[in-house]
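The next block holds one structure in the form of structure tokens; read it before the comments.
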Amino acid sequence: MSDAYLNDLFSLGGRVALVTGASSGIGRELAKGLALAGASVALSGRDVARLAETRRMIVEADGVAETFPAEVGDFEVLHPLVEEVVARLGRLDI
């Protein structure tokens, strides 16, 4: 099986993923992995500076990422968060 076949099979090119907790730990690594697979990544979390660092890591590796600071534990924030992701990145798939 070729690398090209696997890339085509598992590519997330053209998709937009929202990752909460993207400022550190598992969320940061998940965001980096989704970007590596070709997704544009909407990075959400509470710490603006650390979100910016996650974005920098992704962009420096030729990925696409935007930050969306939010406290997703507040359910009132969820609908506006999704609306802003769609407004800025055109869609939301993951």
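The values are calculated or read from the model by the stated rules, or taken from the named source; none is laboratory data. This structure is a prediction, so every number in the text was calculated from the model and none was measured. For neighbour counting, all protein chains shown are included, and Cβ atoms are generated from backbone atoms with ideal geometry for every residue, glycine included. Accessible surface is based on the protein model in full, side chains and every heavy atom, while ligands, DNA and RNA are left aside. Shrake-Rupley method; radii C 1.70, N 1.55, O 1.52, S 1.80 Å.
The table for this structure:
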{"read-out": "Heavy-atom accessible surface of segment 3-89: percent carbon and sulfur, 1.4 Å", "value": "56"}
{"read-out": "Kyte-Doolittle mean at least 0.5, axial Cα span of 20 Å or more - DSSP H helices of the chain", "value": "75-89"}
{"read-out": "Exposure rank, largest accessible area first [T20, T54, T67; 1.4 Å]", "value": "T20, T67, T54"}
{"read-out": "Average Cα contact separation per residue, the chain, under 8 Å, 6 or more apart, as relative contact order %", "value": "28"}
{"read-out": "Label-point separation, A4 to S24 (7 Å along Cα→Cβ), nm", "value": "4.4"}
{"read-out": "Given charges at beta-carbon only (K, R positive; D, E negative), |dipole| of segment 1-91 in Debye", "value": "100"}
{"read-out": "Highest-MSF residue in the chain out of A22, A49, A39 [GNM, Cα springs under 10 Å]", "value": "A49"}
{"read-out": "Residue-normalised accessible area of the chain, given per residue in Å² at a 1.4 Å probe", "value": "62"}
